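Every read-out reported here was derived from the displayed coordinates using simple, explicitly stated rules and does not represent laboratory data. For clarity, every value in this text was computed on a predicted model and none was experimentally measured. Positions of Cβ are backbone-derived with ideal geometry, glycine not excepted, and every protein chain shown enters the neighbour counts.
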Amino acid sequence: QVQLVESWGGLVQPGGSLRLSCAASGSIFSINVMGWYRQGPGKQRELVAAINSGRSTNYADSVKGRFTISRDNAKNTVYLQMNSLKPEDTAVYYCYVRGKTTSWGSPRDYWGQGTQVTVSS
């Protein structure tokens, strides 16, 4: 099994910054994609950003230029640096990992427990 532990989110003023982290542990053979999704009040869960093993990144249009995703493969950790935060960024942020627990197994998706980020003055 793979466990994902996210850092605490919190309350941030508009225009502020926050960095989220998510560490994967357990029976990990390899990790391909790491990323973040979010779900705002009354909204569907949406992809925020993702990064693959080759460090190629993908961002939602709404966060491009403001958020940066990165990963530390040695620590199996993914980070999301969020700058110029807006009230519409308020959501529960979920860490996501697609990986394998054995060399012969198929990749599976694993999710963190979610962390609340609130942007408000």
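Only lysine pairs 8 or more places apart, or on different chains, with alpha-carbon atoms under 25 angstrom apart are counted in the chain, and they number 4.
The chymotrypsin sites (Phe, Trp or Tyr not before Pro) found in region 1-53 that occupy coil by DSSP, while having at most 16 further C-beta atoms within 10 Å, are Trp8, Phe29. Of the chymotrypsin sites (Phe, Trp or Tyr not before Pro) found in region 71-121, those in coil by DSSP whose Cβ has at most 16 other Cβ atoms within 10 Å are Trp104. For the chain, the longest stretch holding no trypsin sites (Lys or Arg not before Pro) located in a DSSP loop with at most 15 other Cβ atoms within 10 Å is which? With a cap of 15 other Cβ atoms within 10 Å, the longest stretch comes to 76-121.
Along region 112-121 the Karplus relation, 6.51 cos²θ - 1.76 cosθ + 1.60 evaluated at θ = phi - 60°, assigns HN-Hα couplings of x, 7, x, 9, 7, 10, 10, 10, 7, 8 Hz to successive residues, with x for each Gly and Pro.
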